[in-house]
Number of protein chains: 2
Amino acid sequence: MLGYFTEVNSVETVNARMGATINPRVRQVMSSLVGHLHAFVKDVQLTQEEWEYAINFLTRTGQICSDERQEFILLSDTLGVSMLVDAVNNRRPAGATENTVFGPFHVAGGPVRPMGYNVNLDGRGEKCLYRGRVVDLQGEPIAGARIDVWSDSVDGFYDVQQPNIQPKWNNRGTFITGEDGAYHYLGIKPVSYPIPDDGPVGQMLIALGRHPYRPAHMHYLIVAEGYQKLVTHIFAAGDTYLESDTVFGVKKSLILDFKKVEGDSIQWEAAFDFVLVRR
Amino acid sequence: MLGYFTEVNSVETVNARMGATINPRVRQVMSSLVGHLHAFVKDVQLTQEEWEYAINFLTRTGQICSDERQEFILLSDTLGVSMLVDAVNNRRPAGATENTVFGPFHVAGGPVRPMGYNVNLDGRGEKCLYRGRVVDLQGEPIAGARIDVWSDSVDGFYDVQQPNIQPKWNNRGTFITGEDGAYHYLGIKPVSYPIPDDGPVGQMLIALGRHPYRPAHMHYLIVAEGYQKLVTHIFAAGDTYLESDTVFGVKKSLILDFKKVEGDSIQWEAAFDFVLVRR
């Protein structure tokens, strides 16, 4: 018996309440969470009014969530938690392509397109040829790799954010590599955009003196039998927001020089090889 | 420029993003929060699946909230955060009555009742005479102290939880002390009850091997001009859950022996003096 809860014994008292036979991982995670939550309250001597604000903020964050909006993911993203979880779970050897945040705009189950397909269905934006290979750490091609790509439109919105404006599967595609591990498809050069900032997270960013923008990027999800899943972006070099991505997703190795192309219908070329690591 | 976000520089990178001219208290609170959140993720090496579970848990917690239900307060209460915030904000000299959690069931603006009034309007439960004085640290009576009292019914529910079953203001009252600082009123001896446990917090308590019960208690909110606000409970000695209150609200000084009374209509007497501290 620790005695009743006090400011001094608070963490031990709460954690001692857990049952003897609970899942050990639940015990580990929740004990650490209680420790850090209590340390936070003590560090800043959180006031009653601030606590009430926090309760209200979290409630509003939950209540704005819908099938099209995940405000808690935005909160996690903007506080760097999503990128940190990604980092601790995806440490890779030098030479491997780095992971970054998945984001809320992937759509599973899209149609597989033939190589060369133009995923830009609304015909708006600067056309770009994306090409490269999916290889292993030795540079050997990986056949049968499934590549999902998705980007925003020229207006800075994903198709799922504008279901009544954009064609379904606009700026999205799925491709499967052949024996040479190569891929190529047409899309647009993506543009920088603000994350949805008309909710509690937007209010938080204002209070923190931060902008809501992400630098332009093309999303990739690449899965191949026997290899670690790769979730990443290719960022366009020169973007205004590369050094201040509001979700902290940028890594140096993922910044690519989009090359200007002289031609009638294609303005840009983005060449990038993805290097996967065996499981 | 710190460079791009990494596992190592994550806290500094996120906090360096804050604007130069923001509110200093916002900076202090949010910097500490980011530090502790990131330390938590690193300590437990939170997996992607656990992060997804957390996002989903928080979302469900927000979405079950309504005018009658505040699940984030329950979460804060059951993790000891509410009591800790209360503790750091209400350090009092020896002899002063201690604070405890406010809880979600207070209703402001109730009618003021004359001393001796019976707040138990449904006529169910064991009748109890509550009496005592509101005094300062020197034992001098405090006149004009406004005393709000509220308790659960004999079935373990507050009136606001059962608006169609219990009379309005059942087991609630407001009293104002005269020159002698004394108070007395009739109510019932409260009973222990589970906090609402059919939502995410209830699921968490099960995973932690914990029960959802609070020991029987009478709530008090006492305000008097020139004195610190007192938010507290009187707990009934002998209750099964005194040492395992699911919200950690019990303090030794707040446990009272309810005295058995021989009589026709009143079964108990609860005598307690409240000692306020000057602002």
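The values are calculated or read from the model by the stated rules, or taken from the named source; none is laboratory data. Keep in mind that this is a model prediction, so the values were computed, not measured. Heads up, the Cβs are rebuilt from the backbone with ideal geometry, glycines too, and the neighbour counts pull from every protein chain shown. Each accessible area value is taken on the protein alone, full model and side chains, heavy atoms only, with ligands, DNA and RNA left out. Shrake-Rupley method; radii C 1.70, N 1.55, O 1.52, S 1.80 Å.
Couple of notes before you dig in:
- For the range B:223-241, the count of residues that are touching a Cys at 6+ places or on another chain (Cβ under 8 Å) and more than 14 Å from chain A (Cβ to nearest Cβ) is zero.
Residue by residue, here is whether (1) in contact (Cβ under 8 Å) with a residue 24 or more places away in the chain; (2) facing another protein chain (nearest Cβ under 7 Å) holds:
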residue: A:Val8; (1), (2): no, no
residue: A:Arg17; (1), (2): no, yes
residue: A:Met30; (1), (2): no, yes
residue: A:Thr47; (1), (2): no, yes
residue: A:Gly62; (1), (2): no, yes
residue: A:Glu68; (1), (2): yes, no
residue: A:Asn89; (1), (2): no, yes
residue: A:Pro93; (1), (2): yes, no
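- Sole exception among (1) of a type in the set (D, E, K, R); (2) surrounded by 14 or more Cβ atoms within 10 Å (Cβ to Cβ); (3) farther than 26 Å from B:Arg146 by Cα for B:Glu243, by number: (2)
- Failed condition for A:Asn99, given (1) away from chain B (no Cβ under 14 Å); (2) within 19 Å of A:Tyr183 (Cβ to Cβ): (1)
- Flag for B:Met83 being in contact (Cβ under 8 Å) with a residue 12 or more places away in the chain, open to solvent by less than 20 Å² (accessible area, probe 1.4 Å) and at the interface with chain A (Cβ under 7 Å from one of its Cβ atoms): yes
- A:Val201 falls short on exactly one of the conditions (1) open to solvent by less than 50 Å² (accessible area, probe 1.4 Å); (2) within 14 Å of chain B (Cβ to nearest Cβ); (3) over 27 Å from A:Lys259 (Cβ atoms); (4) free of Cβ contacts under 8 Å to residues at least 60 places away in the same chain, and that condition is (4).
- Restricting the search to strands (runs of 3 or more DSSP E) fully inside the range B:164-279 and requiring at least 2 residues that are hydroxyl-bearing (Ser, Thr, Tyr) gives B:182-188.
- Scanning the range A:160-185 for residues that are open to solvent by 40 Å² or more (accessible area, probe 1.4 Å) and among the aliphatic types (A, V, I, L, M) yields A:Val160, A:Ile165, A:Ile176.
- Checking every residue in the range B:51-60 against the condition of being within 7 Å of chain A (Cβ to nearest Cβ), more than 18 Å from A:Met204 (Cβ to Cβ), touching a Gly at 6+ places or on another chain (Cβ under 9 Å) and open to solvent by 40 Å² or more (accessible area, probe 1.4 Å) gives zero matches.
- The set of residues from the range A:6-52 being among the small types (Gly, Ala, Ser) and either within 30 Å of the chain's Cα centre (by Cα) or modelled with pLDDT under 95 (or both) comprises A:Ser31, A:Ser32, A:Gly35, A:Ala39.
- Qualifying residue in the range A:11-30 (condition: polar (S, T, N, Q), under 30 Å from A:Ala207 (Cβ atoms), open to solvent by less than 50 Å² (accessible area, probe 1.4 Å) and not assigned by TED's automatic domain parsing to the domain that holds A:Asn170): no
- Of the residues making up the range B:155-194, those that are under 30 Å from A:Ile22 (Cβ atoms) and modelled with pLDDT of 95 or more are B:Gly156, B:Phe157, B:Val191, B:Ser192, B:Tyr193, B:Pro194.
- Picking from residues in the range A:136-159 that are aromatic (Phe, Trp, Tyr) and in a loop (DSSP other than H, G, I, E, B), the one that is most open to solvent (accessible area, probe 1.4 Å) is A:Phe157.
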